[in-house]
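Q: So that we are looking at the same thing, I have put the structure below in structure tokens.
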Amino acid sequence: VSQSRYSHQSPNPQKKTVLQLELDILQKNQLLAERNRGFFEARNILALNFVSSPGAGKTSLLERTLRDLKTEFPISVIEGDQQTMNDANRIAETGAPVVQINTGKGCHLDAEMIAHALKKLNPIPNSIVAIENVGNLVCPALFDLGEHRRVVIISVPEGDDKPIKYPDMFHSAHLCIINKIDLLPYVTFNVEKAKQYALQVNHHLEFIELSATSGQGLSAWYQWLRNQSIA
Ligand code: MG
Ligand code: ZN
């Protein structure tokens, strides 16, 4: 007779230490995030944290938004990527102020990185700061950057079950943008199913369907931006 003995093992003391370390990191991050939020509020700045998988279209949506709303809102950008200045260069082309953070092996931005970037960026009062996080739907969910709104982007070439595969991210977001809807005729993505999955993990979540390339749905996104306040 063979019987599993796993249930009789004592807890791994090393694992406990790793967990404590993670808690310390998140607690420190939370304090710094509150400081960033204070910075934004003192200048009446709306801060947005854009999160998605790589390639969902964060940079393209920002580029388009910066061009279209240039005369309406001053928007500056903090770009997070593991390597390269490519996205920051694309943003700079629009004329918007931008600071690039390269995280190297790091797979998310944290509040301390944002605090440093804000010193360089020095965003003007009564403006918007858009933060493009590293393309990753896992740990950016855990790191508050001091933003007022978290915007998660999924694109229709991805699976419509992303919201239940990465529930923490969808749980912590305020708005879900479904991007690249011009590609719907060529993919199997079911918009209603994706929304239902997302609402299972966050029943307050709002949705906007758009294509940053074709321009379809952008007016709803711009209206959403106009409706936000930092309060
Ligand atoms: Mg990008
Ligand atoms: Zn990470």
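The values are calculated or read from the model by the stated rules, or taken from the named source; none is laboratory data. Computed from a predicted structure; not experimentally measured. Reconstructed Cβ throughout: ideal geometry from the backbone, glycine too, with neighbour counts over all protein chains shown. Ligands, DNA and RNA are stripped out before the accessible areas are found, and what is left, the full protein with its side chains, is counted by its heavy atoms. Shrake-Rupley method; radii C 1.70, N 1.55, O 1.52, S 1.80 Å.
Q: Yes or no: the stretch 82-98 includes at least one residue that is away from ligand 1 (no atom under 16 Å from the Cβ), surrounded by fewer than 22 Cβ atoms within 10 Å (Cβ to Cβ), under 21 Å from residue 173 (Cβ atoms) and of a type outside the set (Val, Ile, Thr).
A: no
Q: Same structure again: Can you tell me which residue within the stretch 143-174, out of those that are more than 16 Å from ligand 2 (Cβ to nearest atom) and aliphatic (A, V, I, L, M), is most open to solvent (accessible area, probe 1.4 Å)?
A: Top of the filtered list is 164.
Q: Let me ask you something else. Tell me, which residue of the stretch 114-142 that is in contact with a His (Cβ under 8 Å, 6 or more places away or on another chain), in contact (Cβ under 8 Å) with a residue 60 or more places away in the chain and in a helix (DSSP H, G or I) is surrounded by the fewest Cβ atoms within 10 Å (Cβ to Cβ)?
A: Top of the filtered list is 141.
Q: Restricting to the stretch 175-231, name every residue that is without any contact (Cβ under 8 Å) to a residue 24 or more places away in the chain and open to solvent by less than 60 Å² (accessible area, probe 1.4 Å).
A: Result: 195, 220.
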